1. Write down the accessible area per residue of the chain in Å², having rolled a 1.4 Å probe over the full set of protein chains.
2. Just to verify a number: what accessible area does ASP15 come out at with the full protein assembly present, 1.4 Å probe, Å² rounded to tens?
3. Taking a probe of 1.4 angstrom, what is the accessible area of GLU265 in Å², to the nearest 10?
4. Restricting to Cα pairs below 8 Å that are 6+ residues apart, what does the relative contact order work out to for the chain? Please round to a whole percent.
5. Tell me the carbon and sulfur percent of the accessible area for segment 280-380, rounded to whole percent, probe radius 1.4 Å.
6. How high is the relative contact order of segment 167-307? Use alpha-carbon pairs under 8 Å, at least six apart in sequence, and give a whole percent.
7. Round to the nearest 10 and report in Å² the accessible area of ASP17, as given by a 1.4 Å probe over the protein chains' heavy atoms.
8. When the Debye formula is applied to the Cα atoms of segment 1-132, each taken as the same point scatterer, what base-10 log of I(q)/I(0) results at q = 0.21 Å⁻¹?
Amino acid sequence: MEITEDGVLLRPWRDSDADAVHKACQDPDIQRWTTVPRPYLPEHALGFVTEMSRAAWAEGTGAPFAVCDPATGELLGSCGLISIDRDGTGEVGYWTAPWARGRGVQVRATRAVARWSFDTLGLRRLIWQAEVGNHASRLVALRAGFRIDGRLRLANPATQSGADGWIGSLLPGEVPAPGATGPAGHGTLAARRAAVFGRPQPTLFATAGAGELRLRPMEEHDLDAVVRTCRDPESIRWTTVPDPYERSDAQGYQVYGQDAWARGEAACFVVADPDDRYAATIDLRLSPTDALQADVGFMTAPAARGRGYLPAALVALSTWGFATLGLARIEWKANVGNTASRRVAEKAGFTFEGTARGGVQHRGERVDAWVAALLAEDLV
């Protein structure tokens, strides 16, 4: 059984593929995101291309393909059905050899397998799963037409990471045509964000006065300054930081920022002054219910207050959110009376919209909140 479509050849595995499979599976990303044995030995590769793949075909429990260059025969990756259920559901799985990445190989291969699964096998549904944070796999699935439907708790314990899993589905008639560029219509924004969050968190730049600020991920040398800031009476009064605040809380917040980026849910930055000293934290959190909205939160170190750092940082972060994440609205909320925070928002161009009664939870009770927002067109 062979499939040739859109510049890729999919064929059953051969004994001669073992060396290339062994080489590909030394890749850290394949070992990080798949369930291949670690360390991956030559006997594992030989067993996969012979016993495992042949048994799946013979028993009808799967359909594993080698993805190759149709002109040269070079192995480019693996794609196929890792399971086929009696109810007409198949699960697709894939990996791309490190030397073949960045060429759209896996998107084309996954579309071809999906089309074959529906047209030849008569399956009624395909599913895709990946560990939360595997944005490269998510991007392939979205561009192949899958709708990412939700998350599964402890979906893949074989990875020993305890992470949750993403799950998506694809139905007949939803597979993009061969040669189609870009993701399916419903996945355009999701695919765009998968591409963003699949890369390392960027450093953003802002100018305050004569100095340049950097918005970057939190680093180890920031932790003591974070502790001092979160022990400040004004921080305790207006935010929900733990009280008392310990160094372990700062470390936990650093991990939260890393995890939130990996999940594609938030971008948490430290605002560093021109000497790369901690000046503030600022977070952009995507709404779980409105794909085009996010909310922003920030906190300034006592020594950095009144220098215009936060308005400049907020403009830079908002601009990035609109341009890169495709947001339409960024919302700011603060407890009524927090005039310092309100001044930052308004200097950054946010429009005050009113007071939400009982709008936020604050230290065990509902309190009124000021609300302001910035729209994408406000920055044009």
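1. Numbers: 17940 Å² over 380 residues.
The answer is 47 Å² per residue.
2. The value for ASP15 is about 80 Å².
3. Rounded to the nearest 10, the figure is 70 Å².
4. 9 percent
5. 51 percent
6. 20 percent
7. It works out to around 10 Å².
8. Log10 of I(q)/I(0), two decimals: -1.38.
The values are calculated or read from the model by the stated rules, or taken from the named source; none is laboratory data. This is a predicted model, so every value here is computed, not measured. Heads up, the Cβs are rebuilt from the backbone with ideal geometry, glycines too, and the neighbour counts pull from every protein chain shown. Each accessible area value is taken on the protein alone, full model and side chains, heavy atoms only, with ligands, DNA and RNA left out. Shrake-Rupley method; radii C 1.70, N 1.55, O 1.52, S 1.80 Å.
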